[in-house]
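S.K.: Shown below is the structure under consideration.
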Amino acid sequence: MTLTRCQVCGGTDLDLLYEMRSGLALTSLGETYPASTRVWACVDCSHLQTDEMEQVEQYYSEQYNILSDSEEEDQIYEVRDGKPLYRTEHQLRVLLDKLPLPAGARVLDYGCAKSSTMQALLRVRGDLQVHLFDVSDNYRRFWERFLPEERCATFEPQRQWIDSFDLVTSFFALEHIVKPLDALQAIFRQVRPGGHFYCVVPDVESNIADFIVVDHVNHFTELSLAYLLQQSGFEVEVIDRSSHRGAFVVLARRPLSVLPQVEPEAERVAVQLQALRSIAAFWQGAVDRVTSFVAEQAPDRPLAVYGAGFYGSFLTACLGGADRISCFVDQNPFLQGRTLFGKPVVAPADLSPLIDTLLVGLNPAHAERIIAEIPAFHSRALRCFFL
Ligand SMILES: [Zn+2]
């Protein structure tokens, strides 16, 4: 469904930045989505929106089971000295660093999925009164392992929760919500006056994959995020772009009185829009770059894709499928041993010596460094294609 209004500021002046043809549209889980889709920029506040997927409600209640296969499964945040640091662990560190929580504080994780962050939080802060909310029943079997049922709600938050929480958290949820202003207003009602809202959402400028993900209806810029929070009644304390790579870490407070509204500055919006247009141009060109590179290779030269995540899926989709690919290579032990597009995912150390060419499916801002730091590749002469 095409959105005709900006869901942050209500503006109707939307600029079409990018259109993906069917087959290249990918979900945040790296699965191809069989429809074309478009990305629009709001000229008034610089918010980016992607046309809503068909049957979006069904997608979330049935198909979107992020990392729900097992209790421990997690995404890698980064690999340091060969050791993976998982996203949950990093999220917890940053949260505890940003906001000291008093003993017994009431916390609600809103749109929480498995809520591995809250589970990890309770391991170090068993005194906290943690509550969970999501729009799906899929995760209840994980919640019941660490929280009583009365601390949990699905579809609607519990009535008695209103105005009661010292802290409401939201980790990577707002980007999926078609009406973010409604969600933020609902969150605002759960926070006690003077309490905090803490959220982490993708920063499309430093995490450019976010731009083409079809199930992210919202792609936030610092300006649009600040405006959204302010319109919901919050006072922004911090929008931090450095603590979580590729994401905004936001701390906002429910003020004790109503604050005046401030419109986004037109000059800053114009600068932001220019940056968004160059991301659109990058993705427009990426398809041609990878298909030309592969076309130049001898047909019998085996190719591997480095990265069994979103960028790896994008490269495969560009090639029209995995026929030309021997395997995927990834450092995440949870992905190794699985298949992606019918091809095995192997550890770097297990990459066949017959393969000398890698298509690197990683965020281009960090790809060269990540490849250079893989010990198993130090003794090999690999030719790498970078996006
Ligand atoms: Zn707007």
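S.K.: Could you please find all residues in the stretch 168-185 being in a helix (DSSP H, G or I) and either in contact with a Pro (Cβ under 7 Å, 6 or more places away or on another chain) or more than 24 Å from L3 (Cβ to Cβ) (or both)?
M.R.: L174, E175
S.K.: Another question about this same structure. Can you pull out the residues in the stretch 117-140 that are hydroxyl-bearing (S, T, Y) and assigned to a helix (DSSP H, G or I)?
M.R.: Result: T117, single match.
S.K.: Give the stretch 303-332 a look and list any residue that's more than 11 Å from V290 (Cβ to Cβ) and aromatic (F, W, Y), or say none.
M.R.: Across the stretch 303-332, the qualifying residues are Y306, F310, F328.
S.K.: If you don't mind, there's one more thing I want to ask. Based on what the data block shows, is R324 under 22 Å from the mean Cα position of the chain (by Cα) and of a type in the set (D, E, K, R)?
M.R.: Criteria not met by R324.
S.K.: Further question on the same structure: Under 9 Å between Cβ atoms, which residue pairs at least 6 apart in sequence (or on different chains) link something in the stretch 256-278 that is charged (D, E, K, R) with a partner that is part of a loop (DSSP other than H, G, I, E, B)?
M.R.: E263/C9; E263/D44; E263/C45; R268/S46
S.K.: Still on this structure, please answer the following. Answer yes or no as to whether E71 is acidic (D, E), farther than 18 Å from E175 by Cβ and either modelled with pLDDT under 95 or within 16 Å of the ligand (Cβ to nearest atom) (or both).
M.R.: yes
S.K.: Looking at F197 and the list (1) in a loop (DSSP other than H, G, I, E, B); (2) touching a helix residue (DSSP H, G or I) at 6+ places or on another chain (Cβ under 8 Å), which single condition is not satisfied?
M.R.: (1)
S.K.: If you don't mind, there's one more thing I want to ask. Could you grab me the full set of residues in the stretch 358-380 that are over 14 Å from A209 (Cβ atoms) and surrounded by fewer than 17 Cβ atoms within 10 Å (Cβ to Cβ)?
M.R.: E368, R369, I370, A372, E373, P375, A376, H378, S379, R380
S.K.: Let me ask you something else. For residues in the stretch 225-262 being out of contact with any strand residue (DSSP E or B) (no Cβ under 7 Å at 6 or more places or on another chain) and within 16 Å of the ligand (Cβ to nearest atom), which is modelled with the lowest pLDDT?
M.R.: Among those that are out of contact with any strand residue (DSSP E or B) (no Cβ under 7 Å at 6 or more places or on another chain) and within 16 Å of the ligand (Cβ to nearest atom), it is Q261.
S.K.: Among the residues of the stretch 120-129, is any under 22 Å from the mean Cα position of the chain (by Cα), crowded, with 20+ Cβ neighbours inside 10 Å and within 21 Å of P202 (Cα to Cα)?
M.R.: Looking through the stretch 120-129, none of the residues is under 22 Å from the mean Cα position of the chain (by Cα), crowded, with 20+ Cβ neighbours inside 10 Å and within 21 Å of P202 (Cα to Cα).
S.K.: Mind checking which residues of the stretch 205-241 are more than 20 Å from E52 (Cβ to Cβ) and of a type in the set (F, W, Y)?
M.R.: Within the stretch 205-241, Y227, F234 qualify.
S.K.: Here's a follow-up. Cβ contacts < 7 Å: first residue under 18 Å from P353 (Cα atoms), restricted to the stretch 288-309; second residue basic (K, R), any location; separation 6+ or different chain. Result?
M.R.: L303/R324
S.K.: Find all pairs meeting these conditions: Cβ atoms under 9 angstrom apart; at least six residues apart or on different chains; first residue within the stretch 157-184 and more than 10 Å from Y110 (Cα to Cα) and modelled with pLDDT of 95 or more; second residue surrounded by fewer than 20 Cβ atoms within 10 Å (Cβ to Cβ) and among the acidic types (D, E).
M.R.: Within 9 Å, the pairs are Q158/E150.
S.K.: Are any residues in the stretch 261-291 under 24 Å from L229 (Cα atoms) and part of a helix (DSSP H, G or I), and if so, which ones?
M.R.: Hits for the stretch 261-291 are A266, E267, R268, V269, A270, V271, Q272, L273, Q274, A275, L276.
S.K.: For the stretch 23-46, which residues satisfy the criterion of being within 16 Å of the ligand (Cβ to nearest atom) and in contact with a Pro (Cβ under 9 Å, 6 or more places away or on another chain)?
M.R.: Selection gives D44, C45, S46.
S.K.: Shifting gears a bit: Tally up the residues in the stretch 240-255 that are in a loop (DSSP other than H, G, I, E, B) and either without any contact (Cβ under 8 Å) to a residue 40 or more places away in the chain or in contact with a Pro (Cβ under 9 Å, 6 or more places away or on another chain) (or both), please.
M.R.: Going through the stretch 240-255 one residue at a time, the tally reaches 5.
The values are calculated or read from the model by the stated rules, or taken from the named source; none is laboratory data. All values reported here derive from a predicted model rather than from experimental measurement. Cβ atoms come from the backbone with ideal geometry, glycine included; neighbour counts cover every protein chain shown.
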